[in-house]
Amino acid sequence: MAERIAIDGVDKVYPGGNRALKQVSLAVEPGTFLVLLGPSGSGKTTLLRCLAGIERVTGGSIAIGARVVAGDGVHLPPERRDLSMVFQDYALWPHMVARDNVAFALKRRGVSRAEGRATADAMLTRVGLGKLAERYPSELSGGEQQRVALARALVGDTGLVLCDEPLSNLDADLRERMRIEISSLVRQAGATAIYITHDQSEAFALADKVGVLEKGRLVQLGVPEEIYAAPASPFVARFTGLAGELAVRIRGGDRGDGTVEVEASTRSSVRPFRARVGHSGPTGARGELMIRPTAVRLCAADGDDHHLVGRVADVAFRGRGYEHAVELSCGTQLSNVFAERRVERGESVGLRLEMSGCLVFPGDGAATIGSVETAAGGRPADAPHVESTLAGALQASAVEEVGSWK
Amino acid sequence: MTILSPRGPTVSPPGRGGEIPVSGPRAERVVLGRVVGATRLVGQPLLWLLVGFAILAPCVCFLALAVCPRLFGQGSQWFTLSYLKGMFSGSVAVSMVNSLWVSSVAALIGIVVGFPIAWVLRRTNVPGRRVFGGAMWFVLLLPSWIPSLGWERLVQPDGVLYRIGIGAAWETHLVMGPFGVVMLLGLRSVPFAYLAVTAALNGLGQEFEDAARTHGATRLGAIRLVAPILGPAIWSAIAIGFAESISDFGVAATLAYSSHFTLATYQLYQSIGNFPPSFPAAAAMGWLLVASVAIPLTVQARALRGRSYAVLSGRTRQVQRKDLTRRGSALALGGLGVFYLFSIGVPAFGAVSSSLLADFGSSLKISFANYRQVFTSSGLAGPLERSLVYGIVTASITVVGGFLAARMLAKRRSASTKLLDFLLLAAVALPSVVFAAGYIFAFNLPALSRIGINIYQTTTLLVVGYVASSLPTNARVLVGAVSQVQSSLHDAARAHGSGALGAWFRGVLPVVSRPLVMAWLLTFTGVFLELPISQLLYAPGSPPASVDIQTNLGNYHFGVGMAQAVVAAFIALAAVGVVLGGYRLLAPTGWRRIGGGMARG
Amino acid sequence: MENGYGSTRPRRAGRRRVAPALAAVTAAGALAAAMASTAGVAAASSAHRSTARAKVVPLVVYSAQGYDKLVTTTFAKKYHIPVQLDDNSTGPLLTQIEASKNNPKWGLLWVDGPTAFAALDQQGMLLRNWEPSVKWNALGTQSIPKDKSFTPSGVTLVAAIIYDSTKVKHPPTSWQQLLSPAWKGKVGMNDPSQSGPTYPLIAGMMQYFGGVSQGEAYFSKLKANGLVINPTNGPTLAALGSGQIQLALVQSSAAVGATFSDKNLKVMYLKPATLLPGVMGIDSKAPKAEQAEAKLFEQYVLSPAGQKEMQFGDPTGDSLYYPVVQGVAPRKALPPLPAASVLLTIDPYTWGARENAVNSWFTANIVQ
């Protein structure tokens, strides 16, 4: 019985004036795994806590299923919202063993003690902790504690599961394993899940949908591929993984397919190339180019198909190949540049840019649709987020190598 | 950190192999730092030495008399069990049983009332919480005989209530009986519970309650779920409430006596007060009191066994206060009001009014004659001044010792900390008169006089006695705050170049400054109004204020005595106000913010 | 974490066990020293206080008398002898004396009630066979013990009957009258376990009625007639003033003092009225020099100058006594001394020994 979540124009202002959420609106279909992505201070935790009922909203409304749980003078306390939550610090009660921690979540179902314990044991077995049911939290490792917390959240079969950065305290190797567990268990349970994180790779791996928050506003909402391929603003682009940014001159060549011809404003530029336009609206003479790591390839410095030249500043072995950090003459560094063979530090290389992974945004660095402040500093009364569609954004990335710079 | 010394900049901090200047203010700091460092090294043994001399020796000497009366010339036998046997029969046994159940109930009242108060003041935004939190210290600082006497003066047949026409027999019987005794002792235990729980609440992050609520617990259910995490604090509060109640003499001598409901401490005082006194019999009772402390400690050990309570982590989320609805606010304020009315308001009214009423007069004549006498009689100024000095010195020494002891108690439970815990609690359970008499036995030995050490009836011994009797409570009051100090604070300061002294000042002191000030004030006022030790140990010719007051209270100058008591109490409180005001003005803002949970409402 | 503030200096193993051991050793040492001292106390007693200094030894006075501050100050000034006054209630003073008896630090004790002195004398703690050379009156000679171990300084009477003349039109003429229904619930007295002067009152009554059990019978009947017990003079007199009782049995000095603030209160005596002397005694183990000073002090107290100080020092309390030396008149506020036939003296040695038992009986049967 997964629920549909409707968040409508939610504001949260803390006493003291801090506006943590600004007119956030989104809808989550039942059974969807939504990940809210953003840096610290972006309001994702606040939004989650408002959903949980631990915080009150200052404006707007939240509905879970058919019930309005917050807003319009209504505030349903957490225990009446029929949800469950996995906390960043696990929040296991230290004076209760693992089984009792999990069984507590069944109290609201009115099951008998024996039944509750049995169900809790079964859940713990599902998460792989069957033998540790009698342990106190302090006797469990971080990963084990997080699994107990997960079991607790799932055992009650609630329609909504909230996750507050549950993996951020775990070691790197454990994180990946736990991510898979969370993903599979939550989906098996069929609940709607809202998960917050600041790690974009985690978000992309888990999510059915990703919402990006910046300073209290929802700046983009869409499937991971859309967010990655067509970020709505430089902020979103930066936050979802860049090799680097370059200032470019826009030379026009707008063919109506969403691409333009640009040339890097640096002495390292060899020839111009085509890049996708990452925004709608008129394009000026200058722009910021956001370059995805997958869009940069190393090639020989003396070839004739590269767009930039640079010097290797660092090289890192990654098992399947090498990642290089290449420094351009203007000082800009492009990182995560992959090559199967190693290029030594200090060597000159050529860099070839793929159009699909290059996005150009207006020159003053401000995003257009979907950002908070317009260039003129005004605020739109109703700041909609960008719900980009895959079709429109990728249309222009047809594998059309532009040869206009020959 | 670059340090400028008279010789020019040096890069490494002193004491770490860098240049050490030999003169100038820097040198002094280095020396001080070395002293502080040395103190920390020898802190533990020093504390044990203090405990041994000042607490253990006198108590052991006194208690030894129960089986060995000949020891200090108090009997003819070198060994006898008759006194111990005699404790289990007759009125002594009755009074012991009374004390046991009264203290247990009082300790429970203390936590049952203190826990909600701590929660409301710490976790909600009830208005006036600062004032209420401060007033709790007032309840703690007040010696128990003042509220006791105040209640008595209020409800006794010729008391204030009767004089203003609303007296009734049931009121009198209610207060002047076991119920009144239990209520008063219970109210006295509340501040300990409040302090313990508040300190623990500081470290209890919000997420435990949040987790409970998101998984279906109501607000009250969440508190019930989370409360056991505060287990150690709660049990500590019960233990100290029990020990303080069972050793209390103020209520036993006034209210309980007038109610013909005897308590063990009163019997103990009687043994000593009869002439000739029977110290062995009193010592036997002392053994019973010390043994009784084992009860709460055992129950505590049972309750906490096998569980882990490690909740403090650096990532503990800041707690947000709950906004109370109007009804919630009214309820909370009402509850707080009732508590403070009973514990401060009523006794203050009774005490002050009986000092304002003319001594003998059948009408309600308010007269300041008593106060006039206090102020015109030149006798009180000297003792008051002396008491102030004694108070300041004692409080300063005790706070240092208490801090060291609290540090030991806050660490992991090894055998020696358990022993210290028991010793300190047992010391609380023994009435002050036992301490005082024990001091005479321990330090007035002929052997000492023969080698020229005559410290009995000197101010030195009096102050040592004050320190020893204040140390246990002081230590327990500080445990909560000290346990919150993370060693990493100190380490970080040192890693960034502070010397030992600087590291302590920068890393540790800010967190504990407020609790230290409060503990200092607690000891100060306790000494100021302390009686048994003052009576038995003061240096002839230099009486403290409390002795002077008692002499008047004991005979026909009752009204004057009460007026003196009120004046002394006011002076003590004025001193408290001065110290707190000074702290507020002088301490850096940051200090007052952290560690505020301990003292602030 | 184990090392508290992260001190990185390695701790010596076993340090933790050393420290508590230190404490235990200290305590054990104290006990051992005590035992050694007690064994050797006889040999050391006379030499323990340093007499190496030929200078003036201070006179340590333990006193519970209301006028002691004045008297000691004047004495010190007049004779240039430093006096250290331990001004306390009787109870703590006696506790101090008993607790320190293996190494006493006092020179002169001055409290009301000879029974305590009798007990001290029986333990050999008082200087015997000396009395100051004064002219005693009848009250004085009655109060001096055979072995002259203590000296009276003044006499009060117990019980003095103090009553509210507005309420009591017909004051009682005998103790038996107090048992009648007319006096039901109107009489109050102190608790002997709390109020020192009350035991001599009880002892005197017992002696008068023929013995302990006869006295117990009387007080039981009095209790049955609604006797009200308060701890000490203060609360008893307060009860009188507020009208809870109409007649109180208190020490004469307290009674007369009460009449100053309430003119309606009157004081009288019934037969018998027991003598309660204020008494001075000298520590037998004090150094000779201090004993000499104490003797001089006693002489001074009983001199006309000293008597004047005594009568001046606590005008609403202890100064209201009947003198024991000839040529000194009591303060005017005091009612005239009753005839000798009314007065009764109890032997402090006999009755002192019974004090604990009688007080316990009283607490169990009368106070409760």
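One residue stands out in segment C:94-120 among those that are of a type in the set (Val, Ile, Thr) and at the interface with chain B (Cβ under 9 Å from one of its Cβ atoms): the one that is surrounded by the most Cβ atoms within 10 Å (Cβ to Cβ), namely C:THR95. Residue check: B:SER387 meets all listed conditions (1) crowded, with 22+ Cβ neighbours inside 10 Å; (2) within 29 Å of B:GLY114 (Cβ to Cβ); (3) modelled with pLDDT of 85 or more but one, namely (2). Report yes if B:LEU423 is in a helix (DSSP H, G or I), over 21 Å from B:LEU71 (Cα atoms) and within 10 Å of chain C (Cβ to nearest Cβ), otherwise no. Yes. Residues that are within 29 Å of C:PRO145 (Cβ to Cβ), among the aromatic types (Phe, Trp, Tyr) and touching a residue at least 24 places away in the same chain (Cβ under 8 Å) do occur in segment C:288-299, at least one of them. Has segment A:82-104 got at least one residue that is open to solvent by less than 20 Å² (accessible area, probe 1.4 Å), in a loop (DSSP other than H, G, I, E, B) and charged (D, E, K, R)? No - not one qualifying residue is present in segment A:82-104.
Is it true that A:PHE317 is of a type in the set (Phe, Trp, Tyr) and in contact with a strand residue (DSSP E or B) (Cβ under 6 Å, 6 or more places away or on another chain)? It is false that A:PHE317 is of a type in the set (Phe, Trp, Tyr) and in contact with a strand residue (DSSP E or B) (Cβ under 6 Å, 6 or more places away or on another chain).
When segment B:112-154 is limited to residues that are outside any helix (DSSP H, G or I) and under 20 Å from the mean Cα position of the chain (by Cα), the one that is nearest to B:LEU255 (Cα to Cα) turns out to be B:SER144. Looking across segment A:250-280, the residues that are open to solvent by 50 Å² or more (accessible area, probe 1.4 Å) and either in contact with a Lys or Arg (Cβ under 6 Å, 6 or more places away or on another chain) or in a loop (DSSP other than H, G, I, E, B) (or both) come down to A:ASP254, A:ARG255, A:GLY256, A:ARG267, A:VAL270, A:SER280. If you go through segment C:177-207 and keep only what is assigned to a helix (DSSP H, G or I), of a type in the set (A, V, I, L, M, F, W, C) and either touching a residue at least 12 places away in the same chain (Cβ under 8 Å) or open to solvent by less than 30 Å² (accessible area, probe 1.4 Å) (or both), you end up with C:LEU178, C:LEU179, C:TRP183, C:LEU201, C:ILE202, C:ALA203, C:MET205, C:MET206. On the given criteria, is C:PRO171 within 20 Å of C:ILE245 (Cβ to Cβ) and surrounded by fewer than 17 Cβ atoms within 10 Å (Cβ to Cβ)? In short, yes. Restricting attention to segment A:294-314, the residues that are assigned to a loop (DSSP other than H, G, I, E, B) and in contact with a strand residue (DSSP E or B) (Cβ under 7 Å, 6 or more places away or on another chain) total 6.
One residue alone among C:MET280, C:MET268 is out of contact with any helix residue (DSSP H, G or I) (no Cβ under 8 Å at 6 or more places or on another chain) and in contact (Cβ under 8 Å) with a residue 40 or more places away in the chain, and that residue is C:MET268. Here is a check on your reading of the model: is A:ARG286 more than 28 Å from A:ARG345 (Cβ to Cβ), open to solvent by 50 Å² or more (accessible area, probe 1.4 Å) and not hydrophobic (A, V, I, L, M, F, W, C)? Taking the combined requirement at face value, the residue satisfies it. Per the listing C:SER220, C:SER174, the residue uniquely at pLDDT 90 or above, assigned to a helix (DSSP H, G or I), under 28 Å from the mean Cα position of the chain (by Cα) and not hydrophobic (A, V, I, L, M, F, W, C) is C:SER220. Looking for something open to solvent by less than 10 Å² (accessible area, probe 1.4 Å), modelled with pLDDT under 80 and either more than 14 Å from chain C (Cβ to nearest Cβ) or at positive phi (or both) - is there at least one such residue anywhere in segment B:546-561? For segment B:546-561, residues open to solvent by less than 10 Å² (accessible area, probe 1.4 Å), modelled with pLDDT under 80 and either more than 14 Å from chain C (Cβ to nearest Cβ) or at positive phi (or both): absent. Within segment A:27-69, the set of residues being open to solvent by less than 10 Å² (accessible area, probe 1.4 Å), touching a residue at least 24 places away in the same chain (Cβ under 8 Å) and of a type in the set (A, V, I, L, M) comprises A:VAL28, A:LEU34, A:VAL35, A:LEU36, A:LEU37, A:LEU47, A:LEU48, A:LEU51, A:ALA52, A:ILE62, A:ILE64.
One residue alone among C:LEU127, C:LEU109 is more than 14 Å from the chain's Cα centre (by Cα), at pLDDT 90 or above and among the aliphatic types (A, V, I, L, M), and that residue is C:LEU127. Restricting C:THR350, C:THR363 to residues that are out of contact with any Cys (no Cβ under 9 Å at 6 or more places or on another chain), exposed (fewer than 15 other Cβ atoms within 10 Å of the Cβ) and part of a helix (DSSP H, G or I) narrows the list to C:THR350. Looking across segment A:182-234, the residues that are surrounded by fewer than 17 Cβ atoms within 10 Å (Cβ to Cβ), in a helix (DSSP H, G or I) and of a type outside the set (Ser, Thr, Tyr) come down to A:ARG187, A:GLN188, A:ALA205, A:GLU225.
Consider A:PRO15 carefully, then state whether it is over 20 Å from A:ARG217 (Cβ atoms) and in contact with a Lys or Arg (Cβ under 7 Å, 6 or more places away or on another chain). Against the criterion (over 20 Å from A:ARG217 (Cβ atoms) and in contact with a Lys or Arg (Cβ under 7 Å, 6 or more places away or on another chain)), A:PRO15 does not qualify. Scanning segment C:82-92 finds one or more residues that are part of a helix (DSSP H, G or I), free of Cβ contacts under 8 Å to residues at least 12 places away in the same chain and at the interface with chain B (Cβ under 7 Å from one of its Cβ atoms).
The values are calculated or read from the model by the stated rules, or taken from the named source; none is laboratory data. Just so it is clear, the model here is predicted, and its values are computed rather than measured. Here Cβ is always computed from backbone atoms with ideal geometry, including for glycine, and neighbour counts include all displayed protein chains. Note: accessible area is taken over every heavy atom of the protein model, side chains too, but ligands, DNA and RNA are not part of it. Shrake-Rupley method; radii C 1.70, N 1.55, O 1.52, S 1.80 Å.
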